[in-house]
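These notes are about the structure you will find just below.
The values are calculated or read from the model by the stated rules, or taken from the named source; none is laboratory data. These numbers come from a predicted model, not from an experiment. Every residue, glycine as well, gets a Cβ built from its backbone with ideal geometry; the counts of neighbours run over all protein chains shown.
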Amino acid sequence: MKTGWRSVWLGKPIYIVSFLMVYTPLLGLGSITVSTVYTWITCGLAMVVSATLLERYWYNVLNWWEIIALLVAAVFLFIPSFITGIIGVLFPLIVVARHYKSFARQPQVSI
């Protein structure tokens, strides 16, 4: 039962795709333009951020302020606007940079 609920949590971003098809019609209808590619990238990043948010783990366990930052980022990435997309990309970059610094400081095991 626990595995079933975990799979629902991980698959939750997939349910959002149907709403994205309604609110962002650039996901594949018609020709491929720069705005279509931008929408694909932001939607993909929004899926990764929302899955990370649901797991509360990205290289290490997330702090409360990182969870809030990723929540804001996921919401901003799902809104089809250039400004909200930029803000939605900056928040995960801050979290990744912090985790990369802490991950790089860990002692490496030599064989």
* Do you know which residues across the stretch 53-76 are at pLDDT below 85 and within 9 Å of the chain's Cα centre (by Cα)? -> 53
* To do: Output the residues belonging to the stretch 51-102 that are under 28 Å from residue 36 (Cα atoms), in contact with a Lys or Arg (Cβ under 8 Å, 6 or more places away or on another chain) and without any contact (Cβ under 8 Å) to a residue 24 or more places away in the chain.
  => none
* Of these, 94, 67, 41, which one is closer than 17 Å to residue 17 by Cβ and either crowded, with 18+ Cβ neighbours inside 10 Å or not acidic (Asp, Glu) (or both)? -> 41
